[in-house]
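Working notes, beginning with the structure itself.
The values are calculated or read from the model by the stated rules, or taken from the named source; none is laboratory data. Just so we're clear, the structure is a prediction, and the values are computed from it rather than from any experiment. Every residue, glycine among them, receives a Cβ derived from its backbone with ideal geometry; neighbour counts consider all protein chains shown.
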Amino acid sequence: MSTATTAPADSTTILDARGLKVYFPVKRGLIIQRTVGVVKAVDGVDLQIKRGDTLGLVGESGSGKTTLGRAILRLSEASGGSITYEGEDILTLRGAQMRNLKQKIGMVFQDPYGSLNPRMTAGNIVAEPMQIHKIFDNRSDIRDRVMELFDTVGLNRSMATRYPHEFSGGQRQRIGIARALASGPSLLICDEPVSALDVSIQAQIISLFDRLKEEQNLTYLFIAHDLSVVRHVSDRVAVMYLGKIVEQGDADAIYRDPQHPYTKALLSAVPIPDPVVESKRERVVLKGDMPSPLNPPKGCVFSTRCPVAEERCFNETPQPRPYSDGRQIACHKVDG
């Protein structure tokens, strides 16, 4: 069967990553260091996000999701491939051009406390991006905008003088969202934004993301390991395993009929409230742990844990191929 190539991005594509690689050299030695290996955190990923969509990026811890998100903002440098944002090659930007890009792309981090400066008030934290990007000429305009953002994310304006330790986890994450919105971005990279929060607070933050998407005309890259969370926010889903995208496509199609064995395993672990349905559905239990990205398996990266792997899977690396409904699946056993 022939290998499919990724279709060219159209005018609605806001972010386009092709063959993206992020490798980290492993060095040993105190005085004279030598490279003894390479961690392939992201290994040849193709990813497109359309304007106004939410792409959910899911996978276990260590799959490379966060590194992929950080590479888009150049917080982790790419080792190969390309990333274009609104037609502009991100990997070639320097200095002022890179600062302009970071004004257009915001990031919400996983840890709502560790990502906030404990020595700054909440108001100053939200104001900082506006000062860096020189969005306003005077302090009164910045202060007014900070108050507007507090209203937008559901925080009382009187809280602007408080410090991060005086807030709850959900309130801290709202501060982080307000800070990400301060520069007026069109794309938000949300890195596990609700995983550190209580379930009841998670629902509130997810509802906030939904509302902001409509009000602010935002596009999201929503990174998570919890597929039940991603299901509520995503238009499209990309499933990542050991640095590679194994399945991506329309969210409803993937949740309704997962095809890649890894996607099936992830979805089978999501509990269903209906006990009758829960008792009848097929369980896919994966054996062992994810291999080290320092020494990934030959052939398919999922072969060592795959319940249906055959000899070919251990020797040949499957390339993403189009499935009948338009999604891309990297598996020898799935026939489109």
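Is it fair to say SER158 is at pLDDT 95 or above and of a type in the set (S, T, N, Q)? Taking the combined requirement at face value, the residue satisfies it. With a requirement of 1 or more residues that are of a type in the set (Phe, Trp, Tyr), within 27 Å of ILE189 (Cβ to Cβ) and at pLDDT 90 or above, the helices (runs of 4 or more DSSP H) lying completely within the range 233-336 that satisfy it span 251-256, 261-268. Within the group ASN124, ASN100, which residue is out of contact with any strand residue (DSSP E or B) (no Cβ under 8 Å at 6 or more places or on another chain) and closer than 26 Å to ILE14 by Cβ? Result: ASN100 is the single residue among ASN124, ASN100 that is out of contact with any strand residue (DSSP E or B) (no Cβ under 8 Å at 6 or more places or on another chain) and closer than 26 Å to ILE14 by Cβ.
Taking the conditions exactly as written (within 23 Å of GLU214 (Cβ to Cβ) and in contact (Cβ under 8 Å) with a residue 12 or more places away in the chain), does GLN173 satisfy them or not? Answer is yes for this residue. Summed over the range 228-239, residues that are surrounded by 24 or more Cβ atoms within 10 Å (Cβ to Cβ) and in contact with a helix residue (DSSP H, G or I) (Cβ under 7 Å, 6 or more places away or on another chain) total 3. Total residues in the range 50-87 satisfying the condition of being in a helix (DSSP H, G or I) and β-branched (Val, Ile, Thr): the figure is 3. Within the range 183-191, one or more residues are within 30 Å of GLN48 (Cβ to Cβ), touching a residue at least 24 places away in the same chain (Cβ under 8 Å), in a loop (DSSP other than H, G, I, E, B) and in contact with a Lys or Arg (Cβ under 7 Å, 6 or more places away or on another chain).
Taking the range 88-106, which residues are closer than 17 Å to LEU20 by Cα, touching a helix residue (DSSP H, G or I) at 6+ places or on another chain (Cβ under 7 Å) and outside any helix (DSSP H, G or I)? Within the range 88-106, just LEU93 meets the criteria.
Residues checked against (1) among the hydroxyl-bearing types (Ser, Thr, Tyr); (2) at negative phi; (3) within 18 Å of the chain's Cα centre (by Cα):
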position: GLY44; (1), (2), (3): no, no, yes
position: LEU55; (1), (2), (3): no, yes, yes
position: VAL58; (1), (2), (3): no, yes, yes
position: LYS104; (1), (2), (3): no, yes, yes
position: GLY114; (1), (2), (3): no, yes, no
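Within the range 240-250, the set of residues being in contact with a helix residue (DSSP H, G or I) (Cβ under 7 Å, 6 or more places away or on another chain) and not acidic (Asp, Glu) comprises MET240, TYR241, VAL246.
Going through ILE132, ILE125 one at a time, which residue ends up being at pLDDT below 95 and of a type in the set (A, V, I, L, M)?
So the residue among ILE132, ILE125 that is at pLDDT below 95 and of a type in the set (A, V, I, L, M) is ILE132.
Within the range 1-29, residues that are at negative phi and of a type outside the set (Lys, Arg) sit with their Cβ atoms under 7 Å from residues that are part of a loop (DSSP other than H, G, I, E, B) and modelled with pLDDT under 90, at 6+ positions apart or across chains, in these pairs: ASP16/ALA9; VAL26/LEU294. VAL194 passes every criterion in (1) in a loop (DSSP other than H, G, I, E, B); (2) at pLDDT below 85; (3) under 30 Å from ILE125 (Cα atoms) apart from (2).
Somewhere in the range 18-26, is a residue loosely packed, with under 15 Cβ neighbours inside 10 Å, assigned to a strand (DSSP E or B) and of a type in the set (A, V, I, L, M, F, W, C)?
Yes; the residues of the range 18-26 include at least one that is loosely packed, with under 15 Cβ neighbours inside 10 Å, assigned to a strand (DSSP E or B) and of a type in the set (A, V, I, L, M, F, W, C).
Considering (1) loosely packed, with under 15 Cβ neighbours inside 10 Å; (2) free of Cβ contacts under 8 Å to residues at least 40 places away in the same chain; (3) in a loop (DSSP other than H, G, I, E, B), the lone condition that VAL36 does not fulfil carries the number (3). Of all the criteria given as (1) out of contact with any His (no Cβ under 8 Å at 6 or more places or on another chain); (2) closer than 27 Å to GLN173 by Cα; (3) in a helix (DSSP H, G or I), the one not satisfied by ASN117 is (3).
Condition check ((1) of a type in the set (S, T, N, Q); (2) touching a strand residue (DSSP E or B) at 6+ places or on another chain (Cβ under 7 Å)) across all residues:
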| residue | (1), (2) |
| --- | --- |
| LYS21 | no, yes |
| ILE32 | no, no |
| VAL36 | no, yes |
| ILE49 | no, yes |
| LEU73 | no, yes |
| SER82 | yes, yes |
| TYR85 | no, yes |
| ASP89 | no, yes |
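Quick one: in the range 124-141, of everything that is farther than 24 Å from HIS165 by Cβ and surrounded by 14 or more Cβ atoms within 10 Å (Cβ to Cβ), which residue is nearest to the chain's Cα centre (by Cα)? Step by step, filter the range 124-141, then rank; the result is HIS133. Among the residues making up the range 110-123, those that are within 20 Å of ASP198 (Cβ to Cβ) and buried (at least 21 other Cβ atoms within 10 Å of the Cβ) are PRO112, LEU116.
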